[in-house]
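Here is the structure we will look at.
The values are calculated or read from the model by the stated rules, or taken from the named source; none is laboratory data. Only a predicted model underlies this, so the values are computations on that prediction, with no experimental measurement involved. Here the Cβ positions follow ideal geometry from the backbone for every residue, glycine too, while neighbour counts run over all protein chains shown.
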Amino acid sequence: MRSMQIFRSGLAILGALLGISSATAQELVQNPDFANNSFGSTQFNLSNTAFTDNVAFCRAFGAAGETDLVYGADFGPAPPVGNTKVGLHTQINGNNDRLGLTLLNPVSAGAKVRLRFWSVNLVPTDLLIGIANVPNSFGTQMTRVTVPGTWGFTDVVVTAPQAGQYLTFMTDPSILDGYAFVTGLSFVPTLNIRPVSASARAREIRTGERSTITVNLNANAPTGGTPVFVSYSAAALIGPGVVIVPAGRRSVTFTVLGNNLAATTRRVDITLSNNFGSARTYVLVRPAR
């Protein structure tokens, strides 16, 4: 009964904690709606230098060199979030506007990241989205989105094809005279952090004695920590149902107490798990002297 109570209470706590962990994933976009700018009003046909110098954490670098920063409904439909948007255009000759956002932290090649943004076209076009490791470069394309004629919300998980600290956008240079607005950008790494190994010290204890359990993750725990559910194969061990690996760390230790009421030694398997993986260890619990 004791182990079942631990199991049930641990499961309930884990569910709550997993919700917290997901909510605290780190946002990498630092100026999602371009509101952090020194203009304060609509600006048309900004040169790459003027845009880069006045819109925080953003760079314009396309050959068209005519990026628009638009407030409200000054030009085109008002943004669905915030009050600012950026307009990107492909000229008749194929030159286009290109936008780069400096991320809070770089992403590594192969990382899975959730990309979200709002977009709308004034003239039909596609948006190409990439990741770059140097400024003023589109880098490598991650995905393509056909921009709708009314505000549409894109929400996809992409795999970074290369390492980089710049999230890039451009209108398709092959769709001449295409024009699109973007705003409400978000780029958040997915949290597939999981237990990969566990150990027990001491391996063999008596009833009333303690063993120290260590669980190791595949990466550092994010902001808010990573909860790990603990289950026991028998009631001969008493311990917590959930432990938290603190933010910035890859492991945590906790103690379990021997509680073998039988006349013979019992092996208790300990499973440490979350939604993404599990690890196991065991302790031998001898009866009291």
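(1) over 13 Å from THR183 (Cα atoms); (2) exposed (fewer than 14 other Cβ atoms within 10 Å of the Cβ); (3) within 21 Å of the chain's Cα centre (by Cα): which one isn't true of PHE153, the others all being true?
All conditions are met except number (1).
On the basis of being outside the structural domain of LEU127 (by TED's automatic domain parsing) and at pLDDT 95 or above, does ALA198 make the cut?
In short, yes.
For residues in segment 131-145 being surrounded by 15 or more Cβ atoms within 10 Å (Cβ to Cβ) and without any contact (Cβ under 8 Å) to a residue 40 or more places away in the chain, which is nearest to GLY82 (Cα to Cα)?
Going through the qualifying residues, I end up with VAL145.
I need the full set of residues from segment 212-226 which are surrounded by 22 or more Cβ atoms within 10 Å (Cβ to Cβ) and assigned to a strand (DSSP E or B), in order please.
Residues satisfying the conditions are ILE213, VAL215, LEU217, THR226.
How many residues does segment 274-289 hold that are at pLDDT 95 or above, closer than 30 Å to ALA219 by Cα and either in contact with a Phe, Trp or Tyr (Cβ under 7 Å, 6 or more places away or on another chain) or among the basic types (Lys, Arg) (or both)?
1
Against the definition (surrounded by 15 or more Cβ atoms within 10 Å (Cβ to Cβ), at pLDDT 95 or above and small (Gly, Ala, Ser)), how does SER251 come out, yes or no?
Answer is yes for this residue.
If you take the residues of segment 35-61 that are touching a helix residue (DSSP H, G or I) at 6+ places or on another chain (Cβ under 7 Å) and among the small types (Gly, Ala, Ser), which of them is surrounded by the fewest Cβ atoms within 10 Å (Cβ to Cβ)?
This residue is SER38.
Scan segment 198-211 and tell me whether some residue there is among the hydrophobic types (A, V, I, L, M, F, W, C), in a strand (DSSP E or B), in contact (Cβ under 8 Å) with a residue 24 or more places away in the chain and within 30 Å of THR84 (Cα to Cα).
no
Can you tell which of ALA63, ALA78 is of a type in the set (Gly, Ala, Ser) and touching a Gly at 6+ places or on another chain (Cβ under 6 Å)?
Criteria check complete, one pass: ALA78.
Touching a Gly at 6+ places or on another chain (Cβ under 7 Å), of a type in the set (A, V, I, L, M, F, W, C) and in a strand (DSSP E or B): which single residue out of VAL243, VAL256, VAL268, VAL283 fits that description?
Going through VAL243, VAL256, VAL268, VAL283 in turn, just one is touching a Gly at 6+ places or on another chain (Cβ under 7 Å), of a type in the set (A, V, I, L, M, F, W, C) and in a strand (DSSP E or B): VAL256.
Since GLY87 meets every condition but one in (1) modelled with pLDDT of 95 or more; (2) in a loop (DSSP other than H, G, I, E, B); (3) in contact with a strand residue (DSSP E or B) (Cβ under 8 Å, 6 or more places away or on another chain), which condition does it not meet?
(2)
Evaluate segment 181-199: report whether one residue or more is farther than 30 Å from PHE153 by Cβ and among the β-branched types (Val, Ile, Thr).
Yes - at least one qualifying residue is present in segment 181-199.
For residues in segment 227-242 being under 22 Å from the mean Cα position of the chain (by Cα) and either modelled with pLDDT of 95 or more or of a type in the set (A, V, I, L, M) (or both), which is surrounded by the fewest Cβ atoms within 10 Å (Cβ to Cβ)?
PHE229
It is to be established whether one or more residues within segment 113-135 are within 21 Å of VAL55 (Cβ to Cβ), in the same structural domain as THR84 (by TED's automatic domain parsing), part of a strand (DSSP E or B) and of a type in the set (Ser, Thr, Tyr).
Yes - at least one qualifying residue is present in segment 113-135.
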